[in-house]
Structures are given as C-alpha cells and as structure tokens.
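The structure under discussion appears below in the form of structure tokens.
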Amino acid sequence: MATATTTTPTATPDAATEIEAVAQRVRDLGEKVAEQAKQNGLNWLEGYEKMLTDLLELEEKAAKGTGSDWATSLASAHANYVKATSDVVFAALRDRLKT
C-alpha cells in the first residue's frame with residue numbers, strides 16, 4: 001500500500017524577492033499619494049487665502065463707499081482681525097503640509 005506524503009509549501013528565494021518588490025512598490029505608491037495630498041492641500045490653502053483676502057478687500061471698499069466713518073472703521077477693524085488670525089492659522093497649516 002502506498003503512503004501519501006504531504007509537503008508544506010515554503011517560500012522560495014524568488015517568491016520572497018517578489019514579495020519584497022511588491023511591498024516596496026506599495027510603499028513607493030503610498031509616499032507618492034501622501035506627497036500629492038500635501039501638494040493639493042497647499043494649493044487649496046493658497047486659493048482659500050487669496051479668496052479670503054479678496055473678500056476682505058471688497059468688504060473694506062464697500063464700507064468706504066457708504067461714506068460713513070463708523071462703517072469704514074468697523075469694516076477695517078473686522079478685516080484686520082480676520083487677516084491677523086487667518087495669517088497665523090494659514091502659516092501653521094502651511095508648515096504642517098510642508099513637513
């Protein structure tokens with residue numbers, strides 16, 4: 001009577017090399033995706049910052065157009081506050097996205 005033998009599959013050196021190559025490609029792709037996400041974040045941040053600056057300038061121009069000193073002062077104070085606080089936030093975000 002013949003006996004059956006079972007063999008346990010083992011990774012050959014070629015298979016191990018191939019697995020490592022696939023793992024490296026996955027790591028490389030992950031790094032590319034992360035870098036592109038950072039760049040997209042920086043682009044969005046720059047666009048948002050420009051839009052906010054333009055909006056604040058429009059607010060100040062509109063207030064000056066009323067001919068009212070209090071409206072002009074209020075709009076300028078508001079614009080200065082928003083600009084000062086957003087500059088801090090944008091700088092922090094920009095630094096974080098560049099690292």
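The values are calculated or read from the model by the stated rules, or taken from the named source; none is laboratory data. Because the structure is predicted, anything quoted here is derived from the model rather than measured. Methodologically, a virtual Cβ is constructed for each residue, glycine included, from the backbone with ideal geometry; neighbour enumeration extends over all protein chains shown. The area values use the complete protein model at the heavy-atom level, side chains included, leaving out ligands, DNA and RNA. Shrake-Rupley method; radii C 1.70, N 1.55, O 1.52, S 1.80 Å.
Go through (1) part of a helix (DSSP H, G or I); (2) open to solvent by 50 Å² or more (accessible area, probe 1.4 Å) one by one and return the number of the condition residue 15 breaks.
Going through (1) part of a helix (DSSP H, G or I); (2) open to solvent by 50 Å² or more (accessible area, probe 1.4 Å) one by one, residue 15 breaks only (2).
Restricting attention to region 10-34, which residues are charged (D, E, K, R) and at pLDDT 95 or above? Break it down stepwise before answering.
Our first condition is that a residue be charged (D, E, K, R); within region 10-34, this holds for 14, 18, 20, 25, 27-28, 31-32.
Listed by number, the residues that qualify are 25, 27, 28, 31, 32.
Output the residue which, of all residues in region 27-40 that are more than 21 Å from residue 90 (Cβ to Cβ) and open to solvent by 80 Å² or more (accessible area, probe 1.4 Å), is farthest from the chain's Cα centre (by Cα).
Checked region 27-40; the qualifying residue farthest from the chain's Cα centre (by Cα) is 27.
Out of all the residues in region 41-79, which are in contact with a helix residue (DSSP H, G or I) (Cβ under 7 Å, 6 or more places away or on another chain) and among the acidic types (Asp, Glu)?
Selection gives 49, 59, 60.
Residue 55: closer than 24 Å to residue 94 by Cα and more than 22 Å from the chain's Cα centre (by Cα), yes or no? If you could, list the steps in order and put the result at the bottom.
On the way: closer than 24 Å to residue 94 by Cα: yes; more than 22 Å from the chain's Cα centre (by Cα): yes.
Spelling it out, residue 55 is indeed closer than 24 Å to residue 94 by Cα and more than 22 Å from the chain's Cα centre (by Cα).
Kindly provide the set of residues from region 11-62 that are charged (D, E, K, R) and over 30 Å from residue 86 (Cα atoms), ordered by number. Before you say what the answer is, go through the steps one by one.
Residues of region 11-62 that are charged (D, E, K, R), as a first pass: 14, 18, 20, 25, 27-28, 31-32, 35, 38, 46, 49-50, 54, 57, 59-61.
Matches in region 11-62: 14, 18, 20, 25, 27, 28.
Residues checked against (1) in contact with an Asp or Glu (Cβ under 7 Å, 6 or more places away or on another chain); (2) not aliphatic (A, V, I, L, M):
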site	(1), (2)
36	no, yes
50	no, yes
56	no, no
62	no, no
76	yes, yes
82	no, no
93	no, no
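Just for region 41-99: of the residues that are exposed (fewer than 11 other Cβ atoms within 10 Å of the Cβ) and of a type in the set (Val, Ile, Thr), which one is nearest to residue 31 (Cα to Cα)?
99
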